[in-house]
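Novice: After the structure tokens below, expect a handful of questions from me.
The values are calculated or read from the model by the stated rules, or taken from the named source; none is laboratory data. Everything numeric in this text was worked out from a predicted model, so none of it was measured. Here the Cβ positions follow ideal geometry from the backbone for every residue, glycine too, while neighbour counts run over all protein chains shown. To get the accessible areas, we keep the full protein, side chains included, count just its heavy atoms, and leave off ligands, DNA and RNA. Shrake-Rupley method; radii C 1.70, N 1.55, O 1.52, S 1.80 Å.
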Amino acid sequence: MRPIDEIILKTQRLKDLLAQVPEEPTYDTWMDQIHELLDDREQLLSVHGPDLKDADQTVIRQLVDDSQQIARLIEAEHQRLGMTLGTTRQERKTVKSYVDPYDDVDSNFSGLFDQQT
């Protein structure tokens, strides 16, 4: 298999994975697969980058377009995670205020009680 073919396969696999964001139980596995493919692809590009100038220019343009699409999909997922994290933080703060609204109040009231002699 030529290096360009392996890069194309990893690029296509990345696009396919990013197009299907899984639910919570398998999200971490999905994210690990994304990171692994990105690392493998980056390594292939760094090793075989000079060889790619001899490849067909339409293939190179397709790889560039796919890379831009991957970047957009990753950015969209990053934004979604940011919104989810913000919502979770707000919910946690709201729940905490309902659970113990006096959590931030100093609880040392011993000076208010009379001492028995």
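Novice: Treat each spin label as a single point 7 Å out from the Cα along the C-beta direction, and report the Glu42 to Leu9 distance in nm.
Specialist: 2.2
Novice: Here's a follow-up. Probe of 1.4 angstrom, ligands and nucleic acids ignored: what's the accessible area per residue over segment 1-76, in square angstrom?
Specialist: Averaged over the residues of segment 1-76, the accessible area is 69 Å².
Novice: Rounded, prolate or oblate: which fits segment 23-68 when a ≥ b ≥ c are the square roots of the eigenvalues of the alpha-carbon gyration tensor, with rounded for a/c under 1.5 and prolate only if a/b beats b/c?
Specialist: In terms of gyration-tensor shape, oblate.
Novice: I've got another one for you. Let me know the charge dipole size of segment 1-103 about its Cα centre in debye, to the nearest 20, where only the beta-carbon of Lys, Arg (+1) and Asp, Glu (-1) is charged.
Specialist: Using Cβ point charges on Lys, Arg, Asp and Glu, segment 1-103 gives about 380 debye.
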